[in-house]
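One structure is given here, and the rest of the page talks about it.
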Amino acid sequence: MNINPENQRNHRFYFTRHGPAEYQLNEGIVDSDNPEAKPSSDKQWFNSDLTPEGIELTRNKAIEFFSKLDPRKDSLFFVSSDLVRAAETAKIYLDIARERGFEVILPREKNDNRPESRNMAEKIGEGYIRKINSLTLDHLENTLREFVFSPTDYMNKIKDLDTVSDETKNKWAEARRIIESDNKGSWGDNYAAHSEEIQKIFPNVKSAKTVYESKFKNMMRLIKFGQRKINEQNPQKNIKVLAFSHENSFLYFLNKNFGESIKNCESIVFKVETDDKISISAKGQTKQIEE
């Protein structure tokens, strides 16, 4: 069934990368007695992960973002990864939205006490931010190996090399040679440029293309599902879905289609045109993607 543009109003889906962060979960794991552990959101012991500069940037970006919307015409729906840096970014946007008088749609009933409604996204968002699995980083398997893309050699920061597996130690130098031969200066840019080569060395480090095939395409399907649900409800206001996530899922798509990675607090805008076509705006350009 094709989506009727007349019923679509001006609904949009915004995917925003979190603000500059401390990455306490990752740093804590690498500094532990098991630096190769899988990063798990339920191991977060903190409620704030943005740097002071990150909080300021996020607030400024939120103010700029909502200056382009109208609370008389637009209602908001918040979703996020359950990693604190993303949920905290979403909460700052949520607070600014409330200050500006926007209607924020509750994703669940207030008395919903199911375990899945008590994750970090919904705790930080006081029930107004819903965790979405396709926005998370649950594909990460080995924290230390993910740090191979860092501009600096993270193995030098390991206090006790006996905590690192022989396999990782033996393959690390080979992986680092790839990074250092063409160091792009940031984790994201190194990941976008070298992840396919690194995946051949460390198979459990998913390449940017592999993540695109799963996470990004799942987000596209979710957008189309969300558009259909909005159309069924035929709301009086435009629905703006604000999703907060991480750079990993967007790097392959953005570099292939727009030639750049995604910056902190940068947003990508999705508009569903038909069931098989979505317009995507990023980097000052708009392109139509057929699914």
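Read the figures in this text as sums done on the coordinates, not as results from a lab. Source: prediction; values computed, not measured. All Cβ positions, even for glycine, are placed from backbone atoms using ideal geometry, and neighbour counts span all protein chains on display.
Packing, taken as the mean count of other beta carbons within 10 Å per residue, orders the peptides 70-80, 86-96 from highest to lowest as 86-96, 70-80.
At an R0 of 25 angstrom, the distance between the Cβ atoms of Glu213 and Ser40 translates into a FRET efficiency of 0.60.
Peptides 241-252, 211-222 ranked from most to least packed give 241-252, 211-222, packing being the mean of other C-beta atoms within 10 angstrom over each peptide's residues.
Farthest toward the positive end of the dipole of the chain, out of Phe253, Trp187, Ile201, is the Cα of Phe253, where the dipole comes from beta carbon charges about the Cα centre. Helical runs (DSSP H, four residues minimum) scored at -39500 (n - 2.57) apiece and divided by the length of the chain put the mean residue ellipticity at 222 nm at -11000 deg cm²/dmol. Were the residues from Leu161 through Glu260 laid out at 0.36 nm apart, the gain over their Cα-Cα distance would be 32.1 nm. When the inverse distances between all different Cα atoms of the stretch 143-201 are averaged and flipped, the Kirkwood radius reads 11.6 angstrom. Sorted on the mean count of surrounding Cβ atoms within 10 Å across their residues, most packed first, peptides 17-23, 185-191 read 17-23, 185-191.
When Rg and the Kirkwood Rh are both derived from Cα coordinates, the Rg/Rh ratio for the chain amounts to 0.98.
Which whole-number value in Å³ per residue fits the convex hull of the alpha carbons of the stretch 128-271? For the stretch 128-271, the hull spanned by Cα atoms encloses 132 Å³ per residue. Cross-link pairs exceeding 28 Å between alpha carbons, from the set Lys43/Lys229; Lys229/Lys277; Lys209/Lys283: Lys43/Lys229.
Amide hydrogen proximity for Ser80: with H placed 1.01 Å from N in the peptide plane, the residues at 5 or more positions away or on another chain lying under 5 Å are Arg130, Lys131, Ile132, Phe244.
Annotation: average projected area of the stretch 227-268 is 4.0 square nanometres, based on the convex hull of Cα atoms across all directions. In the chain, the DSSP beta bridges split such that about 45 percent are antiparallel, to the nearest 5. Given +1 at the Cβ of Lys and Arg, -1 at the Cβ of Asp and Glu and no other charges, the dipole of the chain around its Cα centre is 1160 debye to the nearest 20.
3J(HN,Hα) couplings calculated from phi for the stretch 240-247 with the Karplus curve 6.51 cos²θ - 1.76 cosθ + 1.60 (θ = phi - 60°) are, in sequence order, 10, 8, 9, 10, 10, 8, 10, 5 Hz; Gly and Pro show x. Put a dot 7 Å past the Cα of Lys68, heading toward its Cβ, do the same for Glu232, and the two dots end up 3.0 nm apart.
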